[in-house]
1. Among the residues of region 196-233, how many are of a type in the set (S, T, N, Q) and under 14 Å from His491 (Cα atoms)?
2. Does region 157-165 include one or more residues that are touching a His at 6+ places or on another chain (Cβ under 9 Å) and at pLDDT 95 or above?
3. Answer yes if at least one residue in region 284-295 is under 30 Å from Lys534 (Cα atoms) and touching a strand residue (DSSP E or B) at 6+ places or on another chain (Cβ under 6 Å), and no otherwise.
4. Residue by residue through region 540-584, note down the ones that are of a type in the set (S, T, N, Q), assigned to a helix (DSSP H, G or I) and over 15 Å from Ile619 (Cβ atoms).
5. In region 363-386, what residues are among the hydroxyl-bearing types (Ser, Thr, Tyr) and part of a helix (DSSP H, G or I)?
6. Criterion first (in a strand (DSSP E or B), in contact (Cβ under 8 Å) with a residue 24 or more places away in the chain and within 23 Å of Lys376 (Cβ to Cβ)) does Gly6 satisfy it?
7. Which count do you get for residues in region 461-510 that are touching a Pro at 6+ places or on another chain (Cβ under 6 Å), aliphatic (A, V, I, L, M) and assigned to a loop (DSSP other than H, G, I, E, B)?
8. So, of the residues in region 490-528 that are β-branched (Val, Ile, Thr) and modelled with pLDDT of 95 or more, which turns out to be nearest to Phe565 (Cα to Cα)?
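The values are calculated or read from the model by the stated rules, or taken from the named source; none is laboratory data. A quick note: this is a predicted structure, and the numbers were derived from the prediction, not measured. Here the Cβ positions follow ideal geometry from the backbone for every residue, glycine too, while neighbour counts run over all protein chains shown.
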Amino acid sequence: MCGIVGIYKLDNSNINESELKNFANSLKHRGPDGEGIYINNGKNLGLGHKRLSILDTTSRANQPMFYDNDRYVIIFNGEIYNFLELKSELQDLGYKFKTTGDTEVILASFTEWGEACQSKFNGMWAFAIWDNKNKSLFLSRDRFGVKPLYYLNSGDKFFFASELKAFMFLNKKNIPEFNYSNFIYESGNHSNNAYALTEDTFLKNVKELNPSYQLKIDTRKNIELKKWWSTIDNLIEIPKNYDDQIEKFKILFFDACKLRMRSDVEVATSLSGGIDSSSVVATIEYFKSTQENLSNTCFPHNAFILDYKNEKDNEVSYAKSVIDNTDVNAKFVNLELNKIDPEEIIKSIYHHEAVLGDDGLGPWFIYKNIKENGIKVSIDGHGGDELLGGYSGYPRIAMQECNFPTGCFTWIDLLSIHLKINDTSSQESNNLKLISKKMLQLIKSKIIRSKKRNENSYDFFTLKPTNPSILPHEDISSLSLLNKSLYIDYHYKTMQVVLKKFDKLSMAHGVESRSPFLDWRLATYLFSLPTQTKIRKGFTKRILRDAMKGILINNVRSRIKKKGFSPADELFNKTMVNFISETIHSKEFYESEIWDGKKIKNFLEKEKIIQYKNIFKYIQIFYLIKTFKMQTK
């Protein structure tokens, strides 16, 4: 897990070593344990690396790493979890290894299988390999986009980096300008695109190498962009019997957890109290109780639990109940928003590199505390909602699919799910049966109208968004209606937002976030399953809940209401009002060319009830621009 950068002078001019070092040093938060640069003999290619040492912490595993008599040079950010199995396979083919980590395994795999090696990797990664013999550069990003990678092609020069902020540390003539209209697109003020993943960023001409894509620059300096993986093309045959489906799920999920425990340094977990992260913690604890012999494994000793103080809907009790049934120590991160230094908020915005209207302070302080406890790895629960239908909108999609009441669901089941997720009060099943189908439709229409009204009333932008280059979608017509929605969210929408958020906010503190729900084998299996395996009898995530019987405590296994790492609107509005108001009344904010500062100020002064979360996206844009510009001085 690291930070990587590269400069390739396509016009064959010489690399500026000082520029390369500054470029790499911008990512020192991602890799505080080591560093290195490489400039080829032709002086037209340079690679930079900042290392977070997790596997083989010795200096022999430092990067850039060389292989095959220095033919290949690699810089790598991420983890290949199945590196031991691949290493054994390669040793059988005659390969020898000098290190005990995964980076050398990538190089040997690339030597043996070429580009096809990507399909053999189970992990998260962004890496670059320079071929000194063929004078070619190869970039690769993992299947689902866990590890970020951005690039800038100016025609005569090609730059790439793990984070957007790195491009602000280039020499002034190479620093990209801001793409202000894309800020507006990211903030949600854009047309309702079915597929929201785009190559474009808020820096002009800086593009994201998107998930499951590779980029190759050949000897003639031609640039080829290619999608190397598609989940829809790798679906599998599933057991017909539901009990057999559960057993298959357990095998895959357990192995995904085992692989993500491989580490040469201490590992922790981030526990929200929700079913996904709780299942991860409970499964790891199950391995302890069964005394399984796991190679290169570190069992987590600490679970970090976020506690939003003064919030009525606090999840800490659920997390505590999980901890009470394990040997893991609970580390509580007490978060009082009204006591947070505004500079800490600005730092989180700078590192987040996104415009979501979400303060990101929950994960920011979770990973900050993990770092302060001397830990570098956290095993988390990201991805479960998008695989198993955990968000509140999914039951309504399942309902459309099943021709209720005679289909795979009754409308009573689905209404029960809807109310349990969206209402803190518990509804008795007898009462639910009194609510008609028309009432459910009325509830849905009110939610939609309320959402639209809420969004439209907070649009103060003066610029209009451009139409960014949306990634071409795949043919997913063979999937069920629910799986189509999940597939889009997992590959193109919701999860892509989540992954960027948790990578940037964890790596800001030099902590690696791993999630078993991002194992490709689990993903291909779950997208092959029918709707009723995921949502049934009043519950979402049905197969996960049933697989965790006897492993996860029942009060968590059967809970439905979600919260996550963000404060409730009421707490956010109450505690962030001063920071937001002070920012909006500043001269810089007021005179911005992107929004109507006067209109925002007047709105705040006249409105009696304000949802500050809807205003927060303007704050994020303001501080992103301000902090990014500060790096260029």
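1. Of the residues in that region, 5 qualify.
2. Scanning region 157-165, I find at least one residue that is touching a His at 6+ places or on another chain (Cβ under 9 Å) and at pLDDT 95 or above, so the answer is yes.
3. Within region 284-295, not a single residue is under 30 Å from Lys534 (Cα atoms) and touching a strand residue (DSSP E or B) at 6+ places or on another chain (Cβ under 6 Å).
4. Those that are of a type in the set (S, T, N, Q), assigned to a helix (DSSP H, G or I) and over 15 Å from Ile619 (Cβ atoms): Asn554, Asn555.
5. Passing the criteria: only Tyr367.
6. For Gly6, the condition - in a strand (DSSP E or B), in contact (Cβ under 8 Å) with a residue 24 or more places away in the chain and within 23 Å of Lys376 (Cβ to Cβ) - is not met.
7. Summing the residues that are touching a Pro at 6+ places or on another chain (Cβ under 6 Å), aliphatic (A, V, I, L, M) and assigned to a loop (DSSP other than H, G, I, E, B) in region 461-510 gives 0.
8. If we take residues in region 490-528 being β-branched (Val, Ile, Thr) and modelled with pLDDT of 95 or more, then Val511 is nearest to Phe565 (Cα to Cα).
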